[in-house]
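The values are calculated or read from the model by the stated rules, or taken from the named source; none is laboratory data. The model shown is predicted, which means the values in this text are computed figures rather than measured ones. Neighbour counts run over all protein chains shown; Cβ positions are idealised from the backbone, glycine included.
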Amino acid sequence: MTAQAIRRAIPARLNVPDWIARPALAFIVTRLIVFFAAYLAEIAIPGVVGDGLYHANPNNVFLDVWARWDSGFYLSIAERGYFFQLGQQSSVAFFPMYPLLMAALTPITGSALAAGVLVSNLALFGALVFLYLLTDLEFEDRATATRAVFYMAAFPTAFFFSAVYTESTFALLAIATMYFARRRLWAWAALFGVLVASTRIVGVVMWGVVGLEWLKVHGWTLSTIHKGSSWRGFWQGLRMDWHSLAIIYLIPLGLISYMLYLNNTFGDPIAFSTTQSAWGREMVGPFVIIYRDLVNLWGADVWRGDIFYHIVVDLAAFALVLFAGVRMWRRLGESYALYSLISVLIPISSGSQSMTRYALVVFPLFMLLGWWGRYELLDRALMVAFSVFLGIFTAIFVNWIFIA
Amino acid sequence: MSKAQFQQTGLPLLLLAVGLVALNAGLYTLLTAAPVPIPRLPLPYIEAFDGEPPVYRSFGGDWDVRDAQLVQINTVGLDLGTLIPVDAPADARYTLEVDLRHMSDAVGGGLIFNAQQLNSRQQSHMLRFNRDGAETFLIWGAFGDDSDFTGQGSIRVDIAPGEVARLGVAVNPETYSVLLDGEPLVESIPLVYRGGAAGLITSGSQVAFDNVAVLPVDGPAVVAEVAPEAEVAEVAAVVEVDGEALVYSDTFDSAGGVSAWTPFSGTWVFDDGALRQTDATGFDFGAGNITGLPSTYTYSVMFAHEQGQGGGVLFNMATPESKNNAHMVRYVHDDDFLTWGYFDAEGIYTGQGSVPVPNPGTETHTLTVFVTPDSYVIALDGETVTGEIPLAVTGNHIGLVSAQSVMRVARVNVTTGATVNTELTVEAVGTSGVWEITPTGTIQTAMDATDYVAGTGFAAESFALDVTITQGEGAGGGVVFHMEARDNPAGGTMVRFNPIDSVIFWGRYDAEGVFEGAGSAPVVLPEDESVDLRIVARPALFDVIVNGEIIVRDIPLASEGGWLGLVSFSGPVAFDELQLSAEVSE
C-alpha cells in the first residue's frame, strides 16, 4: 500500500475532511519527532548550566524542555504581570496576546508552563489548518497544500511551535488574517488582524497586508500604481466599499490597546521599544548587519570547527526568504511578498540573530515550497533535510545552547 | 441583516469587540503586577545615606548610594524618580527637604511629595529645577492619573552647576510652600493630592541627593521607633596617610566618589575601578572635584597613560567646573618633560617651569603636589622635582587634566599638611671632573686647575637656587644656569667663587663653550667655612646673594631658560642643601 494510498485511506475511514486530517497528520508526525527528540536530548546530553539558565519545572522534563531563553519572560508575564524598568531588559518588550492566553489557561492546566505548551501546540494545529486552506485556495491543489503544512511543521526551527514562544500563535493569527483577506471576508480578517497585532510588533504589518488586498480588489496594486485606471478603481472603491476599509482600520486596535495599557501603567506607550536598548540592539540597517556577519565569518576555520555556525544558518534563512520573496511576488502577489520581506528585514536591521525563527512564520515561504515540492526529488530532499535538522536543532535548543 | 451578512460581518465584528474587551480586561487584571505590600515609614524620616542603603522604589533611572549620597546618573529620559515610602497623613503639616547637587550643567533635580502611588509618578506633586535657555527655574505642580504634569507655577532662581542647594516644601493640609535653602520662595500653593509618600526625581540630569528630611511641623512629636540595635555612631577615626589626616580619597570603585567629580571637557568614564579620560584629540581636558580643601594640603594622584603622555593634575581651582583660575601640572604631551603653571581668569596659560622626566610610557606613576598658602612643590613617583613655586591662584578645588592622551586614574588622595623635602637629589652628571653623591649632596674631587661642570638634571627659566658650598684650598665652587644641554655649559651663565682673589665673578659660555667674563664683585669668605650661595634669576636679570647678603643685583641675563649645573674649579668642592624654587623674591 503506497503512502499516498495511506494518506487517502485514513481520512476516508475516519470521515475527516482533508483540511483537518492532513494538517493533523503533519502536526502529529512532527510533534512526535520534536517531543521525543527534546526529551531524549535533555536526558542524554549534558546540557549547559549556569546563572540564568533556568528550569521552569525540573520535575517534569516533558514540559521543562519547552521553556528556554525568552520563555522566561512569557512565564513571568503570565505569572506576575508586566515589569518595566528603564535601562533593564523588561518584559514589556513582549506583546500580551500569548501570555494572556497562558494566564487565562493556567487555572485549568495548573501551571503557566503547561498552559504555554498547550496554547503553543493548539495554535500550531490551527496554523497548519489555515495554511492548508490558504494554500489550497491559492494553488487549487491539495497536494501542494499538504506539502506546505508538512514543510512548515518540519522546518528545522519548528520546535519553537511547541515551545513557550509566540511563533505558533502568531502564525495561526497571521495566516488566518491572510486567509480571510484573500476570501474578501474583511471582518473576519480584521478580527484575526486585531489579535495578531497584539501578539507581536510585526503583527501590525497585517494591517497593511489586508489593506493591500482591499486595494487589489478595487484594481489598485503597487505594480499598476502608475496607471490611471488603478486610481479610478481606488476612488470608486472608497465610495462604494468604504465600510470594508473602515473595518480593516480596526486592525491596529490590538497594538493600540497595548500601547494604552503601557501608557497608563508605566507612563510610556512605546515601552516595548524603549526597553530594546537594554538588549543592545541597534538599528543600523540590513547591509551593515550582513557585512558584519560576513566579516565575522571571513576568518573562520571550518575544518577545525572554528566558525560562528548560527551566523551561517541565520544568513541562510534570510537568503532563502529573500529569494523566495522575489518569486512570491510573481506567483502569489505583492501582499504575500511584502509580508515576507518585512518580516525579515525589520529584525535583520538590528541583527541577524534568530533569523531562523523569524523565517518560521513567513508562511508564504512554505506555500511556495509546497508548490516547488511537486518535484518528487525536491520534496524528499526537503523533508529529509528539514526533519534531520529539526531533530538536531531541537536537541541544541533544549540543552540551553542558543540556536535562535 | 441577513444570515449571510451576519456570518460574514456581524459575527466577526461581535467577536472582535469581545476580543478587544477580553484583551484589555486581561491586560489590566491578569497581566498587571499585583501590588506588593510595602512597609510605610512613619515621620519624622531622616536619611543621610551613610549607613545601609535605604529601600526605595525607583521608577526609572539608575539610582545608587555612592559616597554617602544617593546619586541618579541616567541622563536619558525625563522625570526619573525614586519613591520614599513615608506615610504622611492627609491632614499632616510637614516639611520635606533635601540637599541636591547637579553633577553637570544639565539641571533637573527635584523632589516628589504627597505621592499616591508607590510605583510611579502618577498622582503626586513635584518640585524640581528646570533649565530654560540660559536661565534656571524652579517648577512645581502635579502629575495626574495619566502621569501628565500640570504646572502650578515657576520662579527663576540662580544656582550654579555643582552648587549644593537645599530644596524643600512645607506642606499643610490644603496648601504647600516652596523652600530653597530654608527660605520660602512661594507660599500657599493649593494641593491637588493630600498625604502620601515622598520621593526624589531627576529629569535629563545627573544629581546627587543627601540629607533627606521629612519632618512634622505641628502636633505631637512623632517619635520614631529606634531599632534596638541602633547606637550613637562613634566618631570615625581620622584616617591618616603618611602621618597626615586624609581629607579626600577616591579609588573609583563602586563605593567611590562618583558624585564628587565634575567633568567639564573631554570624555571621562568611570571604568572598573578607575576614572579614564578617553578623548586623545584635544588639550587640557579636565574634571574638577567638588570637595573643598584647606589652604595647605598634599594632593597625590596615581595614574597611567593608555595613549599619549599628557596626563596631569589641576589644583587650587577656583571652581570645579573650569580650569580658569587653576594651577596645572602635567606631562608635556609631545616630550619627556613635566611642566607646571596656571590658567588665569580668561583661561590663558602661563608656564612656571618644566623639568625633564623619564618617558611615562604606560606604567603607573604618582604625581604629588604639596600646596601651602603661598607656594607649591611637585614630586613625581616620590621624588621631589621642584623647589617652592609661587602660587598664582588660590582656589580650593582639585582636578585632573589630560592633553592629547588617554589617561587612567586609579587613585586620588588629599591629605592635610604639605610636608615636603625640598632638598633636591642631584644626580650630577659631569663631562669632566670626578663627581660623587654624598649623604648630604655632591662633591667634586678632581684637582686640576680647570672648571669642572656637572648638570643637575633640572631646567628652569626663572628661579631661586640656593646651595651651600664648601671649598677646598684653592678651589672655587659655583653654579651654571641656563645651559643649552643637560651637562654642557655652552650657552650657560656661570657664577663662581674665586677664593684666591676673594671675588665672586660671573660671565657666559658661548656656543663653543668658551667662557667670557662679564663682571665680578669682592666677597670675603671665612676659611674652612661653608658659604651659602643664592642665585635669583628673573626674566633678563639675575641677582647674586652670598650668606644672605646681596652682592650684586639686576645683572643682565641674555638667556631665557635652560639647564642648571654645578661648577667646580679644581677641588675638592662640596655642594650641599641644594634647593630650587621658582621666582622667589628674596
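Out of B:ARG128, B:ARG166, one residue alone is buried (at least 20 other Cβ atoms within 10 Å of the Cβ) and among the basic types (Lys, Arg). It is B:ARG128. Is there a residue being surrounded by 20 or more Cβ atoms within 10 Å (Cβ to Cβ), assigned to a loop (DSSP other than H, G, I, E, B) and within 14 Å of another protein chain (Cβ to nearest Cβ) anywhere in region B:60-67? The answer is yes; a qualifying residue exists.
Selection of region B:15-48 for residues being closer than 18 Å to A:LEU250 by Cα and facing chain A (nearest Cβ under 9 Å) yields B:LEU15, B:LEU16, B:GLY19, B:LEU20, B:ALA22, B:LEU23, B:ASN24.
Of the helices (runs of 4 or more DSSP H) lying entirely inside region A:217-309, those containing at least 2 residues that are away from chain B (no Cβ under 14 Å) span A:228-240, A:286-298. Return yes or no: is A:LEU255 closer than 16 Å to B:LEU20 by Cα and either buried (at least 23 other Cβ atoms within 10 Å of the Cβ) or modelled with pLDDT under 90 (or both)? Judged against the criteria, A:LEU255 is not a match.
Only one entry of A:VAL217, A:VAL209, A:VAL202, A:VAL284 meets the criterion of being of a type in the set (A, V, I, L, M, F, W, C) and buried (at least 21 other Cβ atoms within 10 Å of the Cβ), and that entry is A:VAL209. Kindly indicate whether B:GLU47 is out of contact with any Lys or Arg (no Cβ under 7 Å at 6 or more places or on another chain), at negative phi and charged (D, E, K, R). Yes: the conditions hold for B:GLU47.
Inclusion of A:VAL61 among residues that are crowded, with 23+ Cβ neighbours inside 10 Å and either touching a residue at least 60 places away in the same chain (Cβ under 8 Å) or more than 9 Å from chain B (Cβ to nearest Cβ) (or both) is not warranted.
From the set of residues in region B:119-137 that are within 14 Å of another protein chain (Cβ to nearest Cβ) and part of a loop (DSSP other than H, G, I, E, B), which is farthest from B:SER205 (Cα to Cα)? The qualifying residue farthest from B:SER205 (Cα to Cα) is B:GLN123. Can you find a residue that is over 16 Å from B:THR386 (Cα atoms), in contact with a Gly (Cβ under 9 Å, 6 or more places away or on another chain) and assigned to a strand (DSSP E or B) anywhere in region B:322-340? So far as region B:322-340 goes, yes, one or more of its residues are over 16 Å from B:THR386 (Cα atoms), in contact with a Gly (Cβ under 9 Å, 6 or more places away or on another chain) and assigned to a strand (DSSP E or B). In region B:145-167, which residues are within 14 Å of chain A (Cβ to nearest Cβ) and free of Cβ contacts under 8 Å to residues at least 24 places away in the same chain? Listed by number, the residues that qualify are B:ASP145, B:ASP148. The lone criterion from (1) at pLDDT below 85; (2) surrounded by fewer than 24 Cβ atoms within 10 Å (Cβ to Cβ) left unmet by B:GLY387 is number (2). Filtering region B:75-110 to residues that are hydroxyl-bearing (Ser, Thr, Tyr), surrounded by 17 or more Cβ atoms within 10 Å (Cβ to Cβ), part of a loop (DSSP other than H, G, I, E, B) and more than 14 Å from chain A (Cβ to nearest Cβ) leaves nothing.
Please determine whether any residue of region A:187-203 is of a type in the set (S, T, N, Q), assigned to a helix (DSSP H, G or I) and within 19 Å of A:ILE247 (Cα to Cα). Within region A:187-203, not a single residue is of a type in the set (S, T, N, Q), assigned to a helix (DSSP H, G or I) and within 19 Å of A:ILE247 (Cα to Cα).
Report whether or not B:SER177 is of a type in the set (Ser, Thr, Tyr) and either at pLDDT below 90 or crowded, with 20+ Cβ neighbours inside 10 Å (or both). Even if it seems obvious, please write down each step before you answer.
Values: of a type in the set (Ser, Thr, Tyr): yes; either at pLDDT below 90 or crowded, with 20+ Cβ neighbours inside 10 Å (or both): no.
No, not satisfied.
If you scan region B:134-151, which residues turn out to be over 39 Å from the mean Cα position of the chain (by Cα) and surrounded by fewer than 19 Cβ atoms within 10 Å (Cβ to Cβ)?
B:GLY144, B:ASP145, B:ASP146, B:ASP148, B:THR150
B:GLY51 meets each of the listed conditions (1) without any contact (Cβ under 8 Å) to a residue 12 or more places away in the chain; (2) more than 9 Å from chain A (Cβ to nearest Cβ); (3) assigned to a loop (DSSP other than H, G, I, E, B); (4) surrounded by 12 or more Cβ atoms within 10 Å (Cβ to Cβ) apart from (4). List the number of the failed condition for A:PHE363; all other conditions in (1) modelled with pLDDT of 95 or more; (2) farther than 29 Å from A:LEU338 by Cα hold. Among (1) modelled with pLDDT of 95 or more; (2) farther than 29 Å from A:LEU338 by Cα, A:PHE363 violates only (2).
Of all residues in region A:79-105 being modelled with pLDDT under 95 and not in a loop (DSSP other than H, G, I, E, B), which is nearest to the other protein chains (Cβ to nearest Cβ)? This residue is A:ARG80.
Residue by residue, here is whether (1) buried (at least 20 other Cβ atoms within 10 Å of the Cβ); (2) on the phi < 0 side of the Ramachandran plot; (3) touching a Phe, Trp or Tyr at 6+ places or on another chain (Cβ under 8 Å); (4) among the aromatic types (Phe, Trp, Tyr) holds:
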site: B:GLY474; (1), (2), (3), (4): no, no, no, no
site: B:ALA485; (1), (2), (3), (4): no, yes, yes, no
site: B:VAL523; (1), (2), (3), (4): yes, yes, yes, no
site: B:VAL536; (1), (2), (3), (4): yes, yes, yes, no
site: B:GLU560; (1), (2), (3), (4): no, yes, no, no
